[in-house]
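Here the structure is laid out as C-alpha cells; the discussion comes afterwards.
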Amino acid sequence: MCDYLVLKKKESISSPDYSILAHIYDSAVALPVFPLLCGAFEHAVKRNKSQFESLADLGCGTGNFLRYIARKGILAIGVDNSQEMLDIAISKKKTLPIQFFRQDLRELKLSKPVDMITCQFNTLNYLLKQEDVKKVFDNCYQSLNPDGYLLFDLITGSGACTMNQKRKIRYGQWMSFWNIQTYPDKNLSRVQITVKKNQKSSVHFSEIHLQRWYPLEVVLTLLKQSGFSLVEIFDLEELKTADNKSYWIQFLARKLLC
C-alpha cells in the first residue's frame, strides 16, 4: 500500500485527520516512539500494581498497542474516529481477538465497562475545547469498572515549549519532518507533518494538525470533577515524576467509588 501511494501521488498533498498519513503512520510517526510509550505504560502498571483483565484504547490508530495488549491475554477494544486508521488496524490484527469501533471520543459508549482505558500519542491535545476534554473524562468514568484506571498522555501548557520547532524523525526508509508553530497566547500549536520515503525524494505527503496545550492544573481539576483520583504523573521526556516544568506527561488516574 505504501509503495502504491508513493508511485501514484506526484505532488504534495495536504489532508487532515490522518486520511493519507494513515497508510504510512506506523513507519513515520508511531513506531519511533512506540517503545517509549509501552515502557512507560508497563512501568506505571508495575509501580502501582495495577491489575486489569480488559482494556479499551482510545485513539487507537493502527492498533499497535492493542496487539501488544491482546498477546498478553487481555480483552482489548480499540476506538478511533479515523476509518482509514481502523481499516489498517483490522487488517493487522489477524487472529487476535480485538474489537474495533469507530466513535468520536466525546460520544464514547462502550458495550460494557472495562478495567482500564488508555489514550496515548497526545490524542487529547486534538480536542481544542476544554469542555470536550471534560466530556471525554466523563465518558471514561462511565466506561470503567469500579476502581478502574485511566492512563493517558498529553502535551501540557505548563511546560510546553513556546518556540517554533523543526524536528526530523527517521525510521527505516521513511523520514518525517515536523514543522511546529506555536501560539503561546492561545495555548495552541500548528503541526505540519511531511513524510518522504527518503530525504532526496520529491514525492511527499503532508498533513496539518492543530493541538491545544492544557495546563497541568487544569487537567488535574477536570479529572477530579469527573470523579477520578490521581495516582501519578510521569514525565515522558525526562523519564521521571512530572512537575510544572514537564512538557509531555503521562497521567494515571483511578475511578473513585461513589
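The values are calculated or read from the model by the stated rules, or taken from the named source; none is laboratory data. Since the model is a prediction, treat every value here as computed from it, not as a measurement. Because the Cβ atoms are built from the backbone with ideal geometry, glycine has one as well, and the counts that use them run over all protein chains shown.
Would you check if there is a residue in the stretch 55-63 being more than 13 Å from the chain's Cα centre (by Cα) and at pLDDT 60 or above?
Looking through the stretch 55-63, at least one residue is more than 13 Å from the chain's Cα centre (by Cα) and at pLDDT 60 or above.
Identify, please: which residue in the stretch 71-91 is assigned to a loop (DSSP other than H, G, I, E, B) and either basic (K, R) or in contact with a Phe, Trp or Tyr (Cβ under 6 Å, 6 or more places away or on another chain) (or both) and is, among those, surrounded by the most Cβ atoms within 10 Å (Cβ to Cβ)?
Step by step, filter the stretch 71-91, then rank; the result is S82.
Residue under question is N145, and the condition is that it be on the phi < 0 side of the Ramachandran plot and touching a Pro at 6+ places or on another chain (Cβ under 8 Å); does it hold?
Here the answer is yes, as N145 does meet what is asked.
Can you confirm whether the stretch 173-188 contains a residue that is buried (at least 18 other Cβ atoms within 10 Å of the Cβ), β-branched (V, I, T) and closer than 30 Å to P113 by Cβ?
No - not one qualifying residue is present in the stretch 173-188.
Out of the stretch 94-120, which residues are surrounded by fewer than 19 Cβ atoms within 10 Å (Cβ to Cβ) and either farther than 16 Å from R71 by Cα or among the basic types (K, R) (or both)?
Listed by number, the residues that qualify are K94, F101, R102, Q103, D104, R106, E107, K109, S111, K112, P113.
Which of (1) in contact (Cβ under 8 Å) with a residue 12 or more places away in the chain; (2) not assigned by the TED database to the domain that holds V45 is the odd one out, the single condition D185 does not satisfy?
For D185, the exception is condition (1).
Return only the number of the condition from (1) modelled with pLDDT of 95 or more; (2) not assigned by the TED database to the domain that holds D87 that I13 does not satisfy.
I13 satisfies all of (1) modelled with pLDDT of 95 or more; (2) not assigned by the TED database to the domain that holds D87 except (1).
Residues of the stretch 191-211 being out of contact with any Ser or Thr (no Cβ under 8 Å at 6 or more places or on another chain) and at pLDDT 90 or above, which ones?
The answer is none; no residue qualifies.
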